[in-house]
Amino acid sequence: MEAPAFFIRRRNEAMEAARPVFKGTTPMRPPSWSPLSETLKHVDRDVRKPFLAVDGDSLASGRLGTEVMKNLRVRGADIWLLSYVEIAEDVFDAFNMGADMLLAPLHTIGSMTALRDIHGVSDSVIPTLFCSEGSAAGIKGRIGVCEALSMLADEGFTRCCVYDTDGTVDWDAVREDYPSAIPFSDRHIEGFGLTFAACDPRAPWLSAFWNRSTSPRPGARRCPRSSPCR
């Protein structure tokens, strides 16, 4: 199942959507924003899908935001929120605002202790790896994608999201060792149960803009067989 992902913000009392773009872990300014109300007219209400709201303002500011979740309503969809998360209290706040699932970037989590605390308070939190140049941003710096997934599995997380910000993730390696992973990409990724697609809000469910190739772009690094991938 492919589900849409958008930058979401609230400006001048209105909700707006844009295609999410990051350079590494940094949210980039979209060239344009569209009224969310217009985007939601394209929602397929015959099939209930997650709707991923990426709170770029929260990630840019380094704090959990409130404007997006307090004002976001998508009839017929479960709201998944990707936002800045540092400690377990952020998890409580996100769910109190109405998120159905919370995607927590691994690199914003304060420490391994905080990661374990977050795991202990909710099973609706999905750690998210921001990947570029074939590796992921971790709690203590860069880490291999498969190494990060192995660590998170050891900590008890049964699902993780892998956000391929620049097309260098080796999806074959991830698919082989971690088939429950949730890809997030601006390309079409096959072989997983759920994937999030970075969508243009002007044509959110048209796939013509996706690069249908799933092979890694130049610079991708395959997970070596000697690594702790499982």
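Bear in mind these aren't lab numbers, they're just calculated from the coordinates by the rules spelled out. Small disclaimer: the values here were computed from a predicted structure and weren't measured. Every residue, glycine among them, receives a Cβ derived from its backbone with ideal geometry; neighbour counts consider all protein chains shown.
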Checklist entry - So how much slack lies between Arg202 and Met112, counting 0.36 nm per residue of separation and subtracting their Cα-Cα distance, in nm? => result 28.4 nm
Checklist entry - Say R0 is 35 Å: what FRET efficiency, to the nearest 0.05, do Arg48 and Arg175 get from their beta-carbon distance? => result 0.90
Item to check | With 10 Å bins from 0: P(r) over the chain, alpha-carbon pairs, percent | outcome: 8, 36, 38, 17, 1, 0
Next on the checklist: Could you tell me the calculated FRET efficiency between Val121 and Glu190, based on Cβ-Cβ distance and R0 = 35 angstrom, to the nearest 0.05?
Outcome noted: 0.55
Next on the checklist: Counting just the Cα atoms, what span does segment 1-123 cover along each of its three principal axes? Round to the nearest Å and put the largest first.
Outcome noted: 42, 31, 28
Checklist entry - Loop-only check: which trypsin sites (Lys or Arg not before Pro) in segment 45-108 are DSSP coil with at most 16 other Cβ within 10 angstrom? => result Arg45, Arg48, Arg63, Arg73, Arg75
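Restricting to Cα pairs below 8 Å that are 6+ residues apart, what does the relative contact order work out to for segment 16-67? Please round to a whole percent.
Normalised by residue count, the contact order of segment 16-67 is 32 percent.
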Next on the checklist: Relative contact order for segment 2-198: what percent, with Cα pairs under 8 Å and sequence separation of 6 or more?
Outcome noted: 18
Checklist entry - For Ser37 and Glu67, FRET efficiency with R0 = 22 Å and r from the beta-carbon atoms, rounded to 0.05? => result 0.85
Next on the checklist: Using a 7 Å offset from Cα along Cα-Cβ at Ile139, what residues in segment 97-124 end up with backbone N under 11 Å from the label point?
Outcome noted: 106-119
Item to check | Whole-Hz ³J(HN,Hα) from phi, Karplus 6.51 cos²θ - 1.76 cosθ + 1.60, for segment 174-185, glycine and proline x | outcome: 5, 4, 5, 9, 9, x, 7, 4, 10, x, 9, 7
